[in-house]
């Protein structure tokens, strides 16, 4: 990268030489990070084949969350539709809970917004352990129309893919699966925490962290909540 001043700098007229030098150095670091992200993506693509999974049977309702019927059985391979790749968000929702984990709600809020773009490349579904009626009730409160929600209440899918612990705790995860004929093979899974339990394992999959990191105060210890009590441009609702 050239050390000369760019033709269209990323700072207003009047910036000090000290600011320009620091911002230019930061640009180099951001450029390096971008290259590292692409290197990691290539490493994922080069993973050896994962295990073949059972063809689990889930319960699913219509895309229109205002409808309560029909509730149908759908197999794991059927969740692929006409795609060879399936992206799954494992939503942390225990049977009998009144509401979903706030951070999972944040993730699905974002996934709902970009789902039409995901579907151009892969099938997408949200899977949770709670019964299908409980999942759909929460999804309707959040306005998640158009997403596929599947309940694993009657199978061992969550436990087998380690989205559930032996004690029944549910874990938030992203997984990618590949269809090979009538079989489904695991490709990649990432939980919210790394293998050593450090936080932030899939922060890059939601822009909120990156945007907060742009601000002078950073992300701090902010944690999503399911109720938003403030107003901005006339909005009052759940977040």
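Checking each residue in the stretch 83-101 for being part of a loop (DSSP other than H, G, I, E, B) and either within 22 Å of residue 192 (Cβ to Cβ) or over 22 Å from the mean Cα position of the chain (by Cα) (or both) picks out 92, 93, 94, 95, 96, 97, 98, 99, 100, 101. Once the stretch 73-85 is narrowed to residues that are in contact with a strand residue (DSSP E or B) (Cβ under 6 Å, 6 or more places away or on another chain) and within 11 Å of residue 150 (Cβ to Cβ), the residue that is surrounded by the most Cβ atoms within 10 Å (Cβ to Cβ) is 76. The set of residues in the stretch 181-217 that are exposed (fewer than 12 other Cβ atoms within 10 Å of the Cβ) and under 26 Å from residue 81 (Cβ atoms) comprises 181, 182. Of all residues in the stretch 11-41, those satisfying the criterion of being part of a loop (DSSP other than H, G, I, E, B) and surrounded by 11 or more Cβ atoms within 10 Å (Cβ to Cβ) are 11, 15. Residues in the stretch 42-61 that are closer than 23 Å to residue 120 by Cα, in contact with a strand residue (DSSP E or B) (Cβ under 9 Å, 6 or more places away or on another chain) and part of a loop (DSSP other than H, G, I, E, B): 61 alone. Residue 64 passes every criterion in (1) assigned to a helix (DSSP H, G or I); (2) closer than 23 Å to residue 108 by Cα apart from (1).
Readers should treat all values here as calculations from the given coordinates under stated rules, not as data from a laboratory. Just so it is clear, the model here is predicted, and its values are computed rather than measured. Positions of Cβ are backbone-derived with ideal geometry, glycine not excepted, and every protein chain shown enters the neighbour counts.
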